[in-house]
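Novice: After the C-alpha cells below, expect a handful of questions from me.
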Amino acid sequence: MGIKIYGFWRSIASFRVRVALRLKGLPFEETPVDILSGEQFEPGYEAVNAERVVPTFIHDGHSIFQSMAIMEYLDDIQPEPRLLPEDVKERAYARSLALMTIADAHPLVTPRIRNHLAKTFGADVKAIEEWGKHWTTEGLATYERLLARRLPAPFALGEEPGLADICIAGQVVTAQYLKLELNTFPTVARLAGRCFEIPAFATSHPFEQPGFKTASAH
Ligand SMILES: N[C@@H](CCC(=O)N[C@@H](CS)C(=O)NCC(=O)O)C(=O)O
C-alpha cells in the first residue's frame with residue numbers, strides 16, 4: 001500500500017513532510033486538498049483529518065497527523081539518514097529549532113487565521129499581509145539570533161540536513177511568499193541556500209509542485 005499524503009502545493013507543513021520523505025528516499029503519492037478554496041472543510045476530508053488541515057500522512061492504511069509527528073515517525077521506521085540526531089541534547093536542540101516554526105511562527109499565518117482576521121476583525125488584504133510579514137519576520141529574527149550563537153556547519157546541527165533545516169527552510173519559503181528581503185537574516189539565508197541546493201528540498205519547494213504550476217497558468 002505504501003505511503004500517501006494529502007497535501008497542498010502552498011502548504012509549508014506539506015513541504016516539510018515532502019522534504020523528509022525525499023531525504024529518506026521513500027516514494028509517496030500526494031493527493032491535493034485545496035486549502036485556499038476550502039476543500040479541507042468538506043466532509044470527505046474531515047473524515048480523513050479531524051483538524052481539517054494538511055498534511056495527512058497514511059502508511060499502509062495507518063494515518064498520522066502533524067508534520068513533526070510524521071517526520072519523527074519516518075525516523076522511527078527508517079532511521080537513516082537521520083532527521084534527528086541520536087545525542088539527547090542535540091535532539092532537543094533540533095526539536096527546539098523545529099518548533100519555532102511549527103508551534104510558534106507558522107500557525108499565525110495559516111489560512112484559518114487570515115480568514116478569521118478578515119471575517120471577525122474586518123482586516124483587509126493589506127492588514128493581513130502586514131500581519132503575515134510581522135510574524136514571519138519575528139520567526140526569521142529568532143532563527144537568526146539562535147543560528148548566530150551556533151553557526152551552521154553547514155547545516156543547523158552539522159554536516160547533514162535534518163529536521164531543523166527542513167523547518168528553517170520552510171520559514172524562508174513563507175518569507176518568499178511575502179516577498180520579504182533576507183538581507184538582515186544572513187545566517188538563515190545561507191542555511192536555506194544550502195538546503196535548496198539539495199534535490200530533496202528543491203523538488204519539494206511549493207513553486208515546483210504541479211498545483212502551483214496549474215494555478216499560475218490561469
Ligand atoms: N502544525 C501542523 C500545521 C497544519 C496546518 O496548519 N496546515 C495548514 C497548511 S500549511 C492548513 O492546512 N491550513 C488550513 C487552514 O488554515 O484552514 C503541522 O505541522 O502539520
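Novice: Out of the range 25-35, which residues are more than 9 Å from the ligand (Cβ to nearest atom) and touching a helix residue (DSSP H, G or I) at 6+ places or on another chain (Cβ under 6 Å)?
Specialist: So the first thing to find is which residues in the range 25-35 are more than 9 Å from the ligand (Cβ to nearest atom), and the list is 25-32, 34.
Once the filter is applied, which keeps residues that are more than 9 Å from the ligand (Cβ to nearest atom) and touching a helix residue (DSSP H, G or I) at 6+ places or on another chain (Cβ under 6 Å), the range 25-35 yields Phe28, Pro32.
Novice: Report yes if some residue within the range 151-161 is outside the structural domain of Glu29 (by TED's automatic domain parsing) and part of a helix (DSSP H, G or I); otherwise report no. It would help to see each step written out before you state the result.
Specialist: Taking the range 151-161 and keeping what is outside the structural domain of Glu29 (by TED's automatic domain parsing), we get 151-161.
Narrowing the set further to residues that are part of a helix (DSSP H, G or I) leaves none.
Scanning the range 151-161, I find no residue that is outside the structural domain of Glu29 (by TED's automatic domain parsing) and part of a helix (DSSP H, G or I), so the answer is no.
Novice: Out of the range 162-209, which residues are touching a Gly at 6+ places or on another chain (Cβ under 6 Å) and assigned to a helix (DSSP H, G or I)? Talk me through it step by step, then tell me what you get.
Specialist: Step one: of the range 162-209, the residues touching a Gly at 6+ places or on another chain (Cβ under 6 Å) are 171, 178.
Within the range 162-209, Gln171 is the sole residue that qualifies.
Novice: Just the residues that are more than 9 Å from the ligand (Cβ to nearest atom), open to solvent by 50 Å² or more (accessible area, probe 1.4 Å) and closer than 23 Å to Ala103 by Cβ, please, taken from the range 64-85.
Specialist: Tyr73, Asp76, Arg82
Novice: Now a separate question. Which condition number does Val88 fail, the rest of (1) touching a residue at least 12 places away in the same chain (Cβ under 8 Å); (2) open to solvent by 50 Å² or more (accessible area, probe 1.4 Å); (3) among the β-branched types (Val, Ile, Thr) being met?
Specialist: (1)
Novice: Quick check, is Pro186 open to solvent by less than 40 Å² (accessible area, probe 1.4 Å) and out of contact with any Phe, Trp or Tyr (no Cβ under 7 Å at 6 or more places or on another chain)? Full working, then the answer.
Specialist: On the way: open to solvent by less than 40 Å² (accessible area, probe 1.4 Å): no; out of contact with any Phe, Trp or Tyr (no Cβ under 7 Å at 6 or more places or on another chain): yes.
The answer is no for Pro186.
Novice: With (1) without any contact (Cβ under 8 Å) to a residue 24 or more places away in the chain; (2) under 25 Å from Glu144 (Cβ atoms); (3) within 12 Å of the ligand (Cβ to nearest atom) as the list, and Phe15 as the residue in question, which single condition is left unmet?
Specialist: Status for Phe15: all satisfied but (1).
Novice: Kindly indicate whether any position in the range 114-122 is open to solvent by less than 50 Å² (accessible area, probe 1.4 Å) and closer than 21 Å to Ile168 by Cα.
Specialist: The first filter runs over the range 114-122 and keeps only residues open to solvent by less than 50 Å² (accessible area, probe 1.4 Å), leaving 117-118.
If we keep only those that are closer than 21 Å to Ile168 by Cα as well, we get none.
Looking for residues that are open to solvent by less than 50 Å² (accessible area, probe 1.4 Å) and closer than 21 Å to Ile168 by Cα, one finds none in the range 114-122, hence no.
Novice: Still on this structure, please answer the following. Here are Val33, Val17: which of them is among the β-branched types (Val, Ile, Thr) and under 17 Å from Ala164 (Cβ atoms)? It would help to see each step written out before you state the result.
Specialist: On the way: Val33 fails: under 17 Å from Ala164 (Cβ atoms).
From the options Val33, Val17, the qualifying one is Val17.
Novice: Report, ordered by the first and then the second residue, all pairs with beta carbons closer than 6 Å, sequence separation of six or more or different chains, a first member in the range 105-117 that is among the charged types (D, E, K, R), and a second member that is open to solvent by less than 50 Å² (accessible area, probe 1.4 Å).
Specialist: Every condition considered, the pairs that remain are Arg114/Ile128.
Novice: Residues being charged (D, E, K, R) and closer than 18 Å to Ala13 by Cβ: count how many of those fall in the range 34-89. First the steps, then the outcome.
Specialist: Going through the range 34-89, the residues charged (D, E, K, R) turn out to be 34, 39, 42, 46, 51-52, 60, 72, 75-76, 80, 82, 86-87, 89.
Imposing the further condition that a residue be closer than 18 Å to Ala13 by Cβ reduces the set to 34, 39, 46, 51-52, 72, 75.
Residues flagged as charged (D, E, K, R) and closer than 18 Å to Ala13 by Cβ within the range 34-89 amount to 7.
Novice: In the range 26-53, how many residues are of a type outside the set (A, V, I, L, M, F, W, C), open to solvent by 30 Å² or more (accessible area, probe 1.4 Å) and touching a residue at least 24 places away in the same chain (Cβ under 8 Å)? I'd like the intermediate steps shown before the answer.
Specialist: Going residue by residue through the range 26-53, those that are of a type outside the set (A, V, I, L, M, F, W, C) are 27, 29-32, 34, 37-40, 42-46, 49, 51-52.
Narrowing further to those that are open to solvent by 30 Å² or more (accessible area, probe 1.4 Å): 27, 29-32, 34, 37, 39, 42-44, 46, 51-52.
Still in the running and touching a residue at least 24 places away in the same chain (Cβ under 8 Å): 27, 29-32, 34.
Residues meeting the conditions: 6.
Novice: Here are the criteria: (1) within 10 Å of the ligand (Cβ to nearest atom); (2) open to solvent by 10 Å² or more (accessible area, probe 1.4 Å). Tell me which single one Thr56 does not satisfy.
Specialist: (2)
Novice: If you check Leu151, Leu140, which single one turns out to be modelled with pLDDT of 95 or more and open to solvent by less than 40 Å² (accessible area, probe 1.4 Å)? Give the derivation first.
Specialist: Working: Leu151 fails: open to solvent by less than 40 Å² (accessible area, probe 1.4 Å).
Leu140 is the lone residue from the list that is modelled with pLDDT of 95 or more and open to solvent by less than 40 Å² (accessible area, probe 1.4 Å).
The values are calculated or read from the model by the stated rules, or taken from the named source; none is laboratory data. Source: prediction; values computed, not measured. Reconstructed Cβ throughout: ideal geometry from the backbone, glycine too, with neighbour counts over all protein chains shown. Calculation scope for accessible area: heavy atoms of the full protein, side chains included, ligands and nucleic acids excluded. Shrake-Rupley method; radii C 1.70, N 1.55, O 1.52, S 1.80 Å.
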